[in-house]
Every structure is written in structure tokens, then in C-alpha cells.
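The values are calculated or read from the model by the stated rules, or taken from the named source; none is laboratory data. Note that this is a predicted model, so its numbers are computed, not measured. Note: ideal-geometry Cβ built from the backbone for every residue, glycine included; neighbour counts use all protein chains shown.
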Amino acid sequence: MAVYHDARCRLCRREGMKLFLKGSRCFSDKCAFERRGYAPGEHGKSRRIKETNYGQQLREKQKARRIYGLLERQFRHFFTKAAVSKGVTGETLLQMLERRLDNVVFRLGFAPSRSAARQFVRHRHVHVNGRTVDIPSFLVKAGDEVAVREKSRTLAVVQSSLEARKGQGVPEWLDLSADKPVGKVLNIPTRQSIPVPINEQLIVELYSK
């Protein structure tokens with residue numbers, strides 16, 4: 001996907017909440033949202049906008065895109081697949097986004113952020129069921145084993161990320177080996193096990209117009 005070169009903290013400020021796009025920095029006092037928790041721009045601090053229904057739907061879609069780091073075309077592709085799948089469209093959409101390999105690598109703590117996880121996958125540091133997979137959008141399935149390849153386990157980014165995530169655990173639909181960077185997908189995540197502040201029904205309403 002295209003690389004976002006602007007300040008990621010601006011995205012959090014625009015959405016009015018922390019999206020945790022910069023790893024451990026988001027938990028430190030260096031986080032820009034803690035110091036300037038208002039919309040970016042010259043008039044961001046004094047901006048008072050009454051959002052319409054469409055505006056609320058758009059914001060939810062933009063928030064989801066930014067959390068998972070997708071372009072509009074990629075996000076729309078996932079929605080189209082979710083719409084023709086069995087089940088509730090909004091929940092299915094979030095399940096697909098969570099099952100992306102770059103997100104799973106991030107959730108397991110192998111990388112400090114989703115953008116770092118995407119680069120990590122692209123550089124062929126990740127194995128799925130013993131085979132190298134370098135496609136960040138690859139969808140894992142229940143029973144899949146996701147691991148950092150043997151030669152990459154000593155990389156500083158892996159060690160520091162795992163150290164920083166100690167004690168935080170992983171989502172209930174994943175399992176992480178205690179002694180090495182190897183994880184397993186236990187099942188397809190339910191909506192209750194997906195910790196993202198998104199109202200997916202608003203996204204469904206937006207795309208259904």
C-alpha cells in the first residue's frame with residue numbers, strides 16, 4: 001500500500017482519540033495527543049462542528065482505515081467481501097481486518113505497531129505454518145501458526161517489542177508461546193474479542209447508500 005509520510009499523531013487528533021499508531025510512544029509523555037488533543041490545523045482548537053449522520057458515518061470509516069492502515073480501495077475491497085459473506089456484515093468486516101497477517105503480527109507483539117508489522121512481513125521475517133509469507137493482507141485461519149523466522153528472532157525490533165508487551169497479553173483468539181516468538185490462531189475472533197473503538201454499523205450504513 002502507499003506509505004503515509006505525514007505525522008501520524010495528526011490522525012489521532014483528527015479522530016479525537018488515540019489510535020495507537022506509533023507503538024510505545026503512544027503510552028509515553030511524548031504522545032502529541034496528550035499535549036494537543038484537538039483537531040489539527042490553524043483553527044483546530046476552536047473548531048466546533050455539528051456532524052451530520054453522514055459525517056458520523058464517514059468518521060467511523062476513516063477511523064477504521066487509519067487504525068488498520070488501509071487505503072480506501074483496500075478497505076472497500078474488504079467491505080465488499082464481507083457484504084457477500086455469511087453473518088453480520090460489520091462484524092465480518094472487522095474479523096477480516098483482524099485476521100490480516102500484519103495485524104496478527106502486531107497483536108502477538110512481534111512488532112510495535114501495525115505499520116512496523118507490515119514492513120516486517122514485507123521483509124520476509126514471518127512464517128505461517130512453516131512457510132514464508134510476505135503479503136501483509138494475507139488472512140490467517142483458525143489453527144494457523146504464525147512465527148518469526150529463526151534468523152530474525154534476535155532482531156532488536158522483535159526483542160524490544162516483545163519486552164514492551166510483557167504483561168499485556170494477547171487477544172483471547174490468539175495464543176503466544178512463552179519462550180519463543182511463535183503464536184497460534186485459536187479461532188476466528190468474535191466482536192467482543194476485537195478491542196477497537198469502532199461502530200461498524202455506521203460503516204455499513206455509509207457504504208449501503
Let me confirm something: among 79, 120, 75, 110, which residue is over 12 Å from the mean Cα position of the chain (by Cα), in a loop (DSSP other than H, G, I, E, B) and among the aromatic types (Phe, Trp, Tyr)? 110
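To keep it simple, each residue is scored yes or no on (1) under 20 Å from residue 177 (Cα atoms); (2) hydrophobic (A, V, I, L, M, F, W, C).
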| site | (1), (2) |
| --- | --- |
| 106 | yes, yes |
| 123 | no, no |
| 128 | yes, yes |
| 139 | no, yes |
Restricting attention to region 96-120, the residues that are surrounded by fewer than 23 Cβ atoms within 10 Å (Cβ to Cβ) and free of Cβ contacts under 8 Å to residues at least 24 places away in the same chain number exactly 1
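Rundown of residues vs (1) within 18 Å of the chain's Cα centre (by Cα); (2) within 25 Å of residue 81 (Cα to Cα); (3) outside the structural domain of residue 79 (by TED's automatic domain parsing), yes/no style:
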site: 128; (1), (2), (3): no, yes, yes
site: 144; (1), (2), (3): no, yes, yes
site: 152; (1), (2), (3): no, no, yes
site: 167; (1), (2), (3): no, no, yes
site: 173; (1), (2), (3): yes, yes, yes
site: 179; (1), (2), (3): no, no, yes
site: 183; (1), (2), (3): yes, no, yes
For residues that are within 14 Å of the chain's Cα centre (by Cα) and closer than 17 Å to residue 89 by Cβ, scanning just region 58-69, find the one that is surrounded by the fewest Cβ atoms within 10 Å (Cβ to Cβ). 65
Residue count, region 179-208, condition part of a loop (DSSP other than H, G, I, E, B) and touching a residue at least 12 places away in the same chain (Cβ under 8 Å), comes to 13
